[in-house]
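A quick write-up on the structure given underneath.
Just so it is clear, none of the values below were taken in a lab; they were calculated from the coordinates. Since the structure is predicted, the reported quantities are computational estimates derived from the model, not experimental observations. Note: ideal-geometry Cβ built from the backbone for every residue, glycine included; neighbour counts use all protein chains shown.
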Amino acid sequence: MTYIRNAWYVLGWDSELDAKPLARTICGVPVVAWRKLDRSVVAMRDACPHRMLPLSMGIKEGDSLRCRYHGLKIGGDGIAEEMPIKTDPVNRSICVETFVVAQRHRFVWIWVGDRALADQGLIPDLWPCSAAGWTFDGGYYPMQCDYRLVIDNLMDLTHETYVHAGSIGQPELMETPIATRVEGDRVFVTRWMAGIEPPPFWRNALGQNGLVDRWQICEFIAPSAVIIDVGVAPVTAGATLDSHDQGVRGFVIDVMTPETETSTHYFWGMARNFEVGDAGFTARFKAQQGAVFLEDVEILEAQQRSLHANPGMKLRAYNIDEGGVRARRVIERLAASSTPTR
Ligand code: FES
Ligand SMILES: [Fe+2]
C-alpha cells in the first residue's frame, strides 16, 4: 500500500467534530477525536490503554473520556486521570498515543506520522475554502475503494461524459484537448474551452447570455487532494489560462483521506466567488453536487471490486490518464522518502 505517512490529512469537517467522540481510521490508524469546551480538537489512538476497548465507545465527562469497560478516565491530553478503582493512585504513565491536529480551511487536519515533523505550514493550501469573498460548503462520503482511484477519477474529467451523462457531462469536454504538467509535487491538467455556449448552470451563475470561455483546471496536491478551478467568463472579458477572474469562478474541492488500503474518507465541496451570501444556493448546490459525486462512488467502488476479482489483470493508462499517472508517481516518490509532505 502506498500511504504517505508524514503528511496532513483531513480528519473531518469542522462541523463534524464536536464534544461527542468521533471514531475514524486514518491510514490504518484507529483514531478517536473530540472537541473540547475551548473549541480545540484532541485526537488519540482509539484504544483504551487497559484492555484496548475502543475509547470512542466511552462516556464523555467534561473534556475527558471514561472507558466504557472498566471506567479508566482519560484526559484530552491522553493521560489517565482516574483509575478503574477511584481510590487507586493515578499512574500518569498510563496514557494513550495522541496525534497532532490543526484546524484550517473548514477542516480538522491530523498528522498520524512522526509528530516531530508536523509543521502546520505544510497543510495543503486550500485557500478558496477560507478566503474573503468566497463561500465554501460540501459533504462527506465513506468509499470502499483505494484513495488513488478517486484521484485518477478527478484528474480525468472525460469520465463526466458517461458517468455524469445526465448532469454535468458536455460534448465540449471530449472535444477540447487537455494539457498536463508537473510542478514539483503538484500536477495540473488544464482544459480551456474558448467561445462556447455555456451549460445552464454556468449561464445562470453568470447571469447573462452569450458565448463564454470555460475552463477546468485540475490540480493534484500531495498527499491526496484534488482541487478543480472551474468557471466561465464572457468571451469579451479576455480571460486567459493564467488570469481568469473576470467571470464567475468556483473550486471543486476533493480531499481523500485513506482509511485502509481499500477504503477512503471522501470530503468534497465547492468554493465559489458568486452569490456568496445566498445560503439557499449553497444548500441547493451541495445537494446537486452530492448527487453527482454519488455517481462516482458507484463507479469507483465497482472498479475496486473488479480489481480484487481480477488479480491477473493490470490497470492500463491511455492518454486521458496522464494526470492520474503523474499524481501516482508523486505519491510513490513521497511515500518512499521520509520527507514530510504538504
Ligand atoms: S478496557 Fe478500558 S478500562 Fe478496561
Ligand atoms: Fe465524477
*With r defined as the distance between the Cβ atoms of K60 and L294 and R0 fixed at 22 Å, what FRET efficiency is calculated, to the nearest 0.05?*
0.10
*q = 0.09 Å⁻¹, the range 9-121: log10 I(q)/I(0) [Debye, one scatterer per Cα]*: -0.22
*Could you check the simple spin-label distance between Q246 and E197, using points 7 Å along Cα→Cβ, in nm with one decimal?*
2.2 nm
*Counting other C-beta atoms within 10 Å, which of Y147, Y3, Y140, Y162 has the fewest, and how do the rest follow?*
Y162, Y140, Y3, Y147
*Order of T240, T176, T260 from fewest to most other C-beta atoms within 10 Å?*
T240, T260, T176
*In nm, to one decimal, how far is the L211 label point from the E175 one, both placed 7 Å along Cα→Cβ?*
1.2 nm
_For a test of understanding, tell me how many lysine pairs in the chain have Cα atoms under 29 Å apart, given they are 8 or more places apart or on different chains._
12
_Between E261 and D114, what is the label-point separation in nm under the 7 Å Cα-to-beta-carbon projection?_
2.5 nm
*What does the helix-only formula give at 222 nm for the chain: each DSSP H stretch with n ≥ 4 adding -39500 (n - 2.57), the total divided by the residues, and the result rounded to the nearest 500 deg cm²/dmol?*
-6500 deg cm²/dmol
*Which of V112, V182, V100 moves the most in a Gaussian network model of the chain with Cα springs under 10 Å?*
V182
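Please give me, ordered by residue number, the trypsin sites (Lys or Arg not before Pro) of the range 30-120 that lie in loop per DSSP and have at most 16 other Cβ atoms within 10 Å. Walk me through the intermediate numbers first.
Working: sites: R35, K36, R39, R45, R51, K60, R66, R68, K73, K86, R92, R104, R106, R115; in loops: K36, R39, R51, R68, K86, R92, R106.
Counting only loop positions with at most 16 other Cβ atoms within 10 Å, the trypsin sites (Lys or Arg not before Pro) in the range 30-120 are K36, R39, R51, R68, K86, R92.
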